[in-house]
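To start, the structure itself, in structure tokens.
Values in this text are rule-based calculations from the coordinates and carry no lab data. A quick note: this is a predicted structure, and the numbers were derived from the prediction, not measured. Cβ coordinates were reconstructed from backbone atoms using ideal geometry, including for glycine residues, and neighbour counts include every protein chain displayed.
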Ligand code: GDP
């Protein structure tokens, strides 16, 4: 995974060095933990997350069983792997579907995060599972956002509700509400509501998103975040958590070669699970997020 390229190399190199040693002394372990700490910080993982992570690795590595069937170096690799899985969320969390359809999914995030593209990806994915999603274009801020959603819906082969000019245009809350009502009447079992993003977090954006949330009572609010935004990830995620209280996270642009620290910070910082990963511009470049698989890719 490109977003973890450098982190991955540094972690595996530093763990590989342990293999040349028969027994590990506390100072060997401290040296490795220091390297891991630096690699994580350089990848823009949030400081608190790094501290906790390294603290647990150190404690567990120092206390590792001498009688284990694994040699000491393998034990440390296993500990790092388990702790990576833990900070990525532990168990895979699936999309929460409503007991009585339609399942309402609202997307939120900064402009350019990949929300509109994600709406298409998610719709294609759900349609592949036999669902009948409809996309709702409640992003009335960005020129072309409505058209872009229509294009994406066409590519995914799913329905779309886009506001007619003059008919409530300018009121995204109404568009979202009407879209959900239409989905109900046409018996779509999933509604995906795209909302406006801004280049930076602002109060008006949050209020609008929060009003949409109240109006449509979504089963899931997915916070879409560009994995490459680096250290801004934490502040952005916290602002959206406060503003719209999202239920899950989607990481986009994991194919990019910038530092993917956001991916490792987001769960620890927000307590919310990562549900999906987006790995390219095509609608097929999308997958449910598995913490264990991601950890293995990082340590591959
Ligand atoms: P929005 O403003 O949040 O709706 O973002 P868009 O869906 O318009 O996406 C912004 C840009 O990012 C577009 O050029 C997309 O093609 C691109 N994009 C979205 N997701 C990904 C991804 O996972 N990887 C890459 N490389 N590009 C992506």
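Quick one: work out the % antiparallel among DSSP beta bridges in the chain, nearest 5.
On the way: 3 of 29 bridges.
Just about 10 percent of them are antiparallel.
For Cα pairs less than 8 Å apart in space and 6+ apart in sequence, what is the mean separation divided by the residue count of the chain, i.e. the relative contact order in percent?
Details: 572 pairs, mean separation 78.7, N = 300.
The normalised contact order for the chain reaches 26 percent.
To check you understand DSSP bridge types, tell me what percent of the beta bridges within the stretch 212-300 (both residues inside) are antiparallel, rounded to 5. Please list the in-between numbers first.
Numbers: 3 of 11 bridges.
Roughly 25 percent of the DSSP beta bridges within the stretch 212-300 come out antiparallel.
Taking only Cα atoms, what is the 0 to 90° angle, nearest 10, from helix 5-18's long axis to the longest principal axis of the chain?
That works out to roughly 20 degrees.
Compute the separation of the alpha-carbon centres of the stretch 35-75 and the stretch 109-127 and state it in Å as a whole number.
Their Cα centres are 35 Å away from one another.
Cα gyration tensor of the chain, axes a ≥ b ≥ c as square roots of the eigenvalues: rounded (a/c below 1.5), prolate (a/b > b/c) or oblate?
prolate
Helix 47-62 versus the longest principal axis of the chain: what angle, 0 to 90°, nearest 10, using Cα atoms?
40
To the nearest 0.05, how large is the calculated FRET efficiency for residue 299 and residue 235 if R₀ is 35 Å and r is the Cβ-Cβ distance? Spell out each step's value before the answer.
Numbers: r = 28 Å, r/R0 = 0.81.
Computed FRET efficiency for residue 299 and residue 235: 0.80.
Rounded, prolate or oblate for the stretch 10-158? Axes are the square roots of the Cα gyration tensor eigenvalues, ordered a ≥ b ≥ c, and the cut-off for rounded is a/c under 1.5. List each step's numbers first, then the result.
Details: a/c = 3.57, a/b = 2.53, b/c = 1.41.
Prolate is the answer for the stretch 10-158, as a/c is 1.5 or above and a/b outweighs b/c.
Once you order the gyration tensor axes a ≥ b ≥ c over the Cα atoms, which shape class does the stretch 180-292 get: rounded for a/c under 1.5, otherwise prolate or oblate by comparing a/b with b/c? Write down the numbers at each step before the final one.
Working: a/c = 1.91, a/b = 1.31, b/c = 1.46.
It is oblate, given that a/c is not under 1.5 and a/b is not larger than b/c.
Cα centroids of the stretch 79-100 and the stretch 226-240: how far apart, whole angstrom?
Between the Cα centres of the stretch 79-100 and the stretch 226-240 lies a distance of 20 Å.
When the helix-only estimate is applied to the chain (DSSP H runs of n ≥ 4, each -39,500 (n - 2.57), divided by the residue count), what is the mean residue ellipticity at 222 nm, nearest 500 deg cm²/dmol? Can you show the working numbers first?
Working: 11 runs with 148 residues, N = 300.
Theoretical 222 nm ellipticity from helices: -16000 deg cm²/dmol.
Compute the length gained on full extension between residue 38 and residue 69: take 0.36 nm times their separation in residues and subtract their Cα-Cα distance, giving the result in nm to one decimal. Provide the component values of the computation, followed by the final result.
Details: separation 31, 0.36 × 31 = 11.16 nm, distance 2.98 nm.
Between residue 38 and residue 69, full extension yields 8.2 nm more.
By how many degrees, 0 to 90 and rounded to 10, does the Cα axis of helix 232-244 deviate from the longest principal axis of the chain?
With rounding to tens, the tilt is 40 degrees.
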